[in-house]
Amino acid sequence: MSANEPLDPLTITRRHFLSGAGLGLGALALGVCEAASGAPAAPQFSGKAKRIIYLFQSGGPAQQDLFDYKPLLNEKNGEQLPDHVRGGQRLTGMSVNQASIPLAGSAFKFARHGKCGAWLSELLPHTGSVVDELCIIRSLFTEAINHDPAITFFQTGSQIAGRPSMGSWVSYGLGSMNENLPAFVVLVTKGKGDQPLYARLWGNGFLDSRYQGVKFAAGKDPVFYLTNPEGVSAAGRRALLDKLEELNRVQLERELDPEIESRMAQYEMAYRMQTSVPEVTDFANEPQHVLDLYGPDVRTPGTFAANCLLARRLAERGVRFIQLYHQGWDQHGDLPRQIRGQARETDQPSAALLKDLKRRGLLHDTLIIWGGEFGRTSYSQGKLTKDNYGRDHHPRCFTVWLAGAGVKGGLTYGRTDDYGYNIADEHGEAISPDKATFTPGAVHVHDLQATILHLLGIDHERLTFKFQGRRFRLTDVHGHVVKELLA
Amino acid sequence: MRRWHSSRSARPGTAVLAAASVLWLATHAAAAPPAPAKVDYNFQVRPLLADRCFVCHGPDEKKRKAKLRLDDPAVARRVLAPGKPDESELVRRITTADPAERMPPRKSNLTLNNEEIDLLRRWVAEGAEYKPHWAFLPPPDVVPLPSVADGKWPAGPLDRFVLARLERDGLKPSAAASKEDWIRRATFDLTGLPPTPAEVDAFVADDAPAAFARVADRLLASPRFGERLAMDWLDAARYADSFGYQADGDSHVWPWRDWVIAALNDNLPFDRFVTWQVAGDLLPGATRPQRLATAFCRLHRMTNEGGSIPEEWRNEYVSDRVQTLGTAFLGLTLECTRCHDHKYDPFTMKDYYGLGAFFNSIDEWGTYDNSAFRPTPALPLASPEQERALAAGAREVEALAAKLREVEKSRDGAFRAWLGRPDLKPDVPGLMGYYPLDKLEADNRLANLAGAKSPGSTSPANTLAPGKVGQSLRFTGDDGANFPAPAALDRGQPFAASFWLQTPEVMKQGMVFHHQAGTDTGFHGVELSFDQGRLFFALVRFWPGNAAAVRTRATLPAKEWVHVAVSYDASGRASGLRVYLDGKPAEVEVLRDRLTKNVEAGGGTLTFGERMRSTGLKGCLLDEVRIHDRALSEIEVAQLHDGRSLTDALARKDEAALRPYYLAAVDAESARAREELRQARQRLFAAQTGVFEIMTMEELPHPRQAYVLARGNYDAPHDRPVGRDIPASLSPFPKEAPRDRLGLARWLTDPRNPLTARVAVNRYWQLFFGRGIVATTENFGTQGALPTHPELLDYLARDFIVSGWDVKALCRQIVLSSTYRQRSVAAPELRERDPDNLLLARGPSRRLSAEELRDAALAAGGLLSQKIGGPPAKPYQPPGMWHAMNAFLPDYVADKGEGLHRRSLYTFWRRTSPPPNMLAFDAPSREVCVVRRQTTSTPLQPLVLLNDPQFVEAARALGERLLREGGATPEEKLTYAFRLGATRKPSERELRLLVQLYRDQVQLFRADPTGAQKFLKTGDRPPPPGLDPAELAAAATTAGAILNLDASVTTR
């Protein structure tokens, strides 16, 4: 037995299809891993979601200006954050030395939307039009207070480098659903700048390199080295590959090493990718009304809108985990102006993706996640003026939404105190949950990860990999499936 | 268990491999000889208990259930009933049908299968004997050689161990590999490069038995040897050219990489290789290379992300050092003990922080701002010319300082003459700015009575308030006031600033003024600030290790006006930093006196009352600011404070008070000599500033107290101090050794240390055989794989120590062994029986590493640069790829010329965005210590080898080479190219296929001449004149095919 899945494009080994290929691949990979360690194969349940599109909003969107309506902040605009609200929590080195930490009310109007009546700010009109599909979690919390550790924690379950990313875990656990594209694809909005991204966010850590996310870029070569060198015709390349296969077969007969055959299969897969990747990235056959749905940016390759449409196309073709990154939410200053631009870039395409998937009958088995690595402070970093403010990093509460497969639409889960500074209980009283014990209403990053895996039919405690003598998992030794979010 | 289609064994592999290797050994390896007479604790029982039971019944006290620990025989006895399995509670609990009682419990997700239960039962029946974990006992002083039936096969002791094991299993070694295969294998393993056809021919023609040794010795003497072995060590040392977090600035540590290559080429004994890297700075009379080697301890990642808390990160770095020490030298997973006692191995949190205490006492800071300002401690690496210039500069400064003293001594007559004059005025010359702060002018300007053209300014948020004299400026704490400085204040520029200050409370922190550049993760320049109510005055290049800084002993009183004056004499020393309170010299303590370079803050402004993201002077009043462009004498400062000290002294003709004043402020000759000295100093300072520095280790005068930190958090309560110590479960700390890193290195390299030598020889074994004798190179603990050949490992370890830790001798012994010399082909039965070649009944075979693939292609094309060392090279990479993900970084711009063709270990390694063509072939990211790479097979790999301009250009060069040098016929030409890629000659069938490919491609390119022209432009190398483009393009394509062959990408 092996964790080599026959449909994993990164490992396809044609002669060695497993007899049990009809099994869910997840069960297969998990079964192998458990069987090898002596436990019976894990009976995994069937998940609602077959694939994930993760719209990661890098930098930390300000929940107070988008999702978490806090009229008290406007009332108390300019007043100092009370000590009892801060509760001794640490601040980053960026605002800890400020002489004044004035509360900053949102510059944006909030209104209720949809049947569910969820509050959203005027920055998100399109999101408002799909709000009944969304499960808005206002009570996420994390531990890290700076970008690099926080985003690494969110995407790999650990602030320490060298751990597999969420997409790697999922492709390791569930394998691929197609023969022509990678199982885990990463798309980054082009030219945004702001907080950096790192290869480790889609790295495989100690898992096999085949589970690494493959980054697609806008432009001529969507995948590094995909295109033949200039002047090499398709016929010329095919002729080369055919001879190469014959030559390697001679070597196989000579050396009897099945590894050679595996390598030969990779050449064929690479060849197929040379066709399938340009096909998926070419929007020529998308009808006008679909393009319109995503908004005007969709025509510019590499925009968030174009990447959302590309994500749908990848999802249709069986890509298991599609990770988008949109940078630019790190608004320490000049927030009102900057966030407007960010919302303009993301609001319509995010909503369009939902609508588009729904129309195509894909939303019921696709999980969409929208959110960043932490939230922002209710007080202003830097000067608070009549029409300007900034917000510093805030790990103690922030908003993320889920939609699609298995998720309860129209739900707003969890709440924060009136200052938007702490997670609150059902009476609005600030609480301070921790990751070790699950507190209903509060969702730690590991809880979210556990819930995401659950939606895929994976028990987060059983998707493990033994490395350095220890069974590692995405959720470390924590995480709790938040049942209330499930449909 | 058919695992043979998953990748080869030299990688952590999938779950099935990692977990199965232990299992395989447990059920096959030890059991493989006729069923063992007795169950072995170390090889069969312990792995099982550790995997299924120790989580709750193991070393971790906090997680222990029912106070039962099965790792400790004394405690375990109560559930074992040795010899009486039916009375054993352990046996009962693993066999009971009652789910409430059954172990392991259901919720643990762990179970035991029937074979495993039976094994435990047998073990109890046989007396439940415990043995210490093999790896924690020193290798025996003498390892007896096993007897073997086939006395002819072994070429040396090593082979006897392998053969004995094969004979026990009823297996025979494979025949010897062809000479071509062996020289290819040995040349790649020892140099990372393919042998040249001439080297192969010479070797094949050499029938002498010593031919093998001659080749081995040639390869071991090649400078490429050091480069090859360095490649592995760079992974272990997490070497990279950038810091790795967030903005990921350049780390400038390549001289350490060059030291590694040189040390390996010089065959520096491994014990010294370890000692220098851990503690070279502490060796008596440490040399530059010994100090440079300690950069090893500084290669961890570092952050400069805004808002980071330095102490948090400093602890991260100390942890990284412990983790790397554990993995690279000891094969231990010490990082587990950062947050809790080890769950499987006998290591505690106290052990972890005790080891950390060896590495926590350098003058470092948790963040850096800009890597041009090297994080301290740093070692200057002056070139010989720079050394000469520095020495000359220092002599000149010394001479001019002496001259100034002479001049001053000689000016007594002039002083008296001056003193006798009737018209003496209480001048304090050099006044550049005088800001009374009585009025806010237009545009928030603050009038300068010493120069109307250079006014100060304030943020409008600061307001006027009643002052010491007239009005004063009141600060908000977040807003500053700016006053022009005499110049860009730096080491060679004297200045003084004085003012009245009133604070509303004793200021714990607060920026009085600064002339600095930087961000909140580090500032450089001049600063005067509050530190727990006292004044801190400093010139900083990199805090704390490269700075001159003093702090007053007195606390500044609150709610009253205090006159503050600071003065700096351009000496570059802490003694030149003076602080005066109310006109009197303030007693100060010297915090740092080690400014070795200019502070380079640029600018020309003193900013009062705030600094970016620092605490400002909230509610403080500032009045009567004066700025001078020279250092002031005491009486001048007194005059500024009270307006009459100097006046009175002049009236009194007070010689004692006035002599220093005369020399400092009046006498032109002294001023000339002082200026000469200043200029000489500036030249010296500039020369010092131009010297390249590298981060290294250097102890603080007093060790920093270390603590056990709950859950590894930097801000956990510091109530559990720990001293420097090593884990008690390993060999003892050498008695006479000092309790510092040098002592630690002595312990590591002590012949009694059970791990260092074993771990090292195992890593080298892995280099040649693709997997270690212990497959888990990174983990020799109880959860690691067991050795396939325990006696061999011990023999090699002991032999390594006895040889004087001679790495080249070890490598030589391996490549000349019969074991290594076997052919790698395995008949299906053998492959079925031993898919991973654990028993070594055949020779090693492996895919080339990322570096080797690229280097081999460059070598085949004749492009490979021979240059050793130097700053990193930037070969072809997809354009713009750095900046696309990280706006803090520039676009990637490839080198021109030689930089495109250097060996791959010189490629610039950007941790957050490593070269994609290397990642595709399993190169690790170099973020953490890695001692074992994976070997995977993915479709991204063919895309690299077929389409990456680097490989296409190499194929073009090889195509050109085969046309020019290969001979007359296509057969000759392609044979030549095949040998350059695959070392051996092609078979007839292979050659026929290649010729067909070549001819087909000629036709295709003849039909598409534009295509041929375009293809021949791939890469920077211009297409050569005088060759037919279609033929050249076809030759390049065929050469590319050759470089993609299994025969070229593997050693067999």
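Derivation of every value follows stated rules applied to the coordinates shown; laboratory data play no part. Treat the numbers as computed from the prediction; the structure is a model and nothing was measured. All Cβ positions, even for glycine, are placed from backbone atoms using ideal geometry, and neighbour counts span all protein chains on display.
Computed 3J(HN,Hα) for region B:520-534, one whole-Hz value per residue from the Karplus formula 6.51 cos²θ - 1.76 cosθ + 1.60 where θ = phi - 60°, is 6, 9, x, 10, 9, x, 9, 8, 10, 8, 8, 9, 6, x, 9, glycine and proline marked x. Residues whose amide H lies under 5 Å from that of B:Ile694, counting only those 5 or more places away or on a different chain, are B:Leu379, B:Leu381; hydrogens are built 1.01 Å from N in the peptide plane. For chain B, the longest principal axis of the Cα atoms and the long axis of helix B:756-769 meet at an angle of about 60 degrees. The amide H of B:Ser472, built 1.01 Å from its N in the peptide plane, has B:Ala465, B:Gly467 as neighbours under 5 Å, considering only residues 5 or more places off or on other chains.
Rounded, prolate or oblate: which one fits region B:558-664, using the alpha carbon gyration tensor with axes a ≥ b ≥ c (rounded when a/c is under 1.5, else prolate when a/b beats b/c, else oblate)?
oblate
The B:Arg683 and B:Val590 beta-carbon pair, evaluated with R₀ = 30 Å, returns a calculated FRET efficiency of approximately 0.70.
Backbone phi angles across region B:556-567, fed through the Karplus curve with coefficients 6.51, -1.76 and 1.60 (θ = phi - 60°), yield HN-Hα couplings of 6, x, 8, 6, 9, 6, 10, 8, 10, 9, 10, 9 Hz in residue order; Gly and Pro are listed as x. Can you give the longest run of chain A that contains no trypsin sites (Lys or Arg not before Pro) sitting in a DSSP loop with at most 11 other Cβ atoms inside 10 Å? After excluding every exposed loop site, the longest remaining stretch is A:221-385. In region A:197-241 the Cα-Cα distances spread across 5 Å bins starting at 0 as 5, 18, 17, 17, 15, 12, 12, 4 percent of all pairs. Projected onto its three principal axes, the C-alpha set of chain B covers 113, 89, 51 Å, listed from the longest axis down.
With everything on Cα atoms, drop me the angle between helix B:850-860 and the longest principal axis of chain B, reported from 0 to 90° to the nearest 10. Taking Cα atoms only, the helix is inclined about 80 degrees.
Full extension of the chain between B:Ala402 and B:Asp207 gives 62.7 nm of extra length, using 0.36 nm per residue less the Cα-Cα distance.
Using C-alpha pairs under 8 Å with a sequence gap of at least 6, the mean separation divided by the residue count of chain B gives a relative contact order of 16 percent. Here the contact order of region B:349-464, divided by its residue count and restricted to Cα pairs under 8 Å and six or more residues apart, works out to 11 percent. Relative to the Cα centre, the charge distribution of region A:159-239, modelled as +1 at Lys and Arg Cβ and -1 at Asp and Glu Cβ, gives a dipole magnitude of about 80 debye. The mean of 1/r over all distinct Cα pairs in region B:831-936, once inverted, gives the Kirkwood hydrodynamic radius of 15.9 Å. Taking every alpha-carbon pair under 8 Å whose residues sit at least 6 apart, chain A reaches a relative contact order of 27 percent.
Taking the charge dipole of chain A about its Cα centre, with +1 at Lys and Arg Cβ atoms and -1 at Asp and Glu Cβ atoms, the residue from A:Pro296, A:Val130, A:Gln195 reaching farthest to the positive side is A:Pro296.
3J(HN,Hα) couplings calculated from phi for region B:928-941 with the Karplus curve 6.51 cos²θ - 1.76 cosθ + 1.60 (θ = phi - 60°) are, in sequence order, 9, 4, 10, 10, 8, 8, 7, 10, 10, 10, 9, x, 5, 5 Hz; Gly and Pro show x. Placing +1 on the Cβ of every Lys and Arg and -1 on the Cβ of every Asp and Glu, with nothing else charged, gives region B:215-267 a dipole about its Cα centre of roughly 180 debye. Among B:Gln493, B:Gly1026, B:Ala450, flag the residue with its Cα farthest along the positive direction of the charge dipole of chain B, charges on Cβ as +1 for Lys/Arg and -1 for Asp/Glu. Going by the Cα projections, it comes out as B:Gly1026. For the protein assembly as shown, the equivalent ellipsoid derived from the Cα gyration tensor has semi-axes of 58, 40, 36 Å, listed largest first. A Förster radius of 45 Å combined with the Cβ-Cβ distance from B:Glu505 to B:Thr1010 puts the calculated FRET efficiency at roughly 0.05. Measure nothing but the geometry: give the 0 to 90° angle between the long axis through the Cα atoms of B:790-802 and the longest principal axis through the Cα atoms of chain B, rounded to 10°. Compared with the principal axis, the helix lies near 50 degrees.
Here region B:852-877 is scanned for amide nitrogen atoms under 17 Å from the site 7 Å beyond the Cα of B:Ala262 along Cα-to-Cβ, giving B:867-872.
For the protein assembly as shown, the Cβ-based charge dipole about the Cα centre amounts to some 1400 debye (Lys, Arg positive; Asp, Glu negative; other atoms uncharged). Label positions at B:Lys67 and B:Glu736, each projected 7 Å from the Cα along the C-beta direction, are separated by 4.7 nm. Remark: spin-label model distance B:Glu972-B:Ser222 equals 2.7 nm, labels positioned 7 Å along the Cα→Cβ axis. Dividing the summed helix terms, -39500 (n - 2.57) for each DSSP H run of n ≥ 4, by the number of residues in chain B produces a 222 nm estimate of -11000 deg cm²/dmol to the nearest 500.
Taking a straight line from the alpha carbon of A:Lys408, these aspartates and glutamates sit under 15 Å away, with near neighbours fewer than eight places off in the same chain left out: A:Asp132, A:Glu133, A:Asp365, A:Glu484. Residue order for B:Ser383, B:Ser865, B:Ser849, fewest other beta carbons within 10 angstrom first, comes to B:Ser383, B:Ser865, B:Ser849. Classify region A:145-214 as rounded, prolate or oblate, taking a ≥ b ≥ c as the square roots of the eigenvalues of its Cα gyration tensor: rounded when a/c is under 1.5, otherwise prolate if a/b is larger than b/c and oblate if not. Judged from the Cα gyration tensor, region A:145-214 comes out oblate (a/c at least 1.5, b/c at or above a/b). Cβ crowding within 10 Å, taken as a proxy for footprinting-reagent exposure, orders B:Val930, A:Val280 from fewest neighbours to most as A:Val280, B:Val930.
Amide H to amide H distances under 5 Å link B:Thr1050 with B:Leu848, where only residues 5 or more positions off or on other chains count and H is placed in the peptide plane. Summarising the label geometry, the points placed 7 Å from Cα in the beta-carbon direction at B:Ala417 and B:Thr647 lie 3.0 nm from one another.
Let's test the formula: R0 of 22 Å, r as the Cβ-Cβ distance of A:Ser46 and B:Asn109. What FRET efficiency results, to the nearest 0.05?
Once rounded, the FRET efficiency stands at 0.70.
Compactness ratio of region A:314-440: Cα Rg over 2.2 N^0.38 Å, N = residue count? Intermediate values should be presented prior to the final figure.
On the way: Rg = 17.4 Å, N = 127, 2.2 N^0.38 = 13.9 Å.
Scaled against compact globular proteins, the figure is 1.25.
Beyond 20 Å in Cα-Cα separation lie the following of the pairs A:Lys190/A:Lys358; A:Lys48/A:Lys358; A:Lys190/A:Lys215; B:Lys107/B:Lys131; B:Lys559/B:Lys618: A:Lys190/A:Lys358; B:Lys107/B:Lys131. The spacing between region A:128-155 and region A:161-206, judged by their C-alpha centroids, is 18 Å.
In terms of surrounding Cβ atoms within a 10 Å radius of their Cβ, B:Trp182, B:Trp561, A:Trp169 rank from fewest to most as B:Trp561, B:Trp182, A:Trp169.
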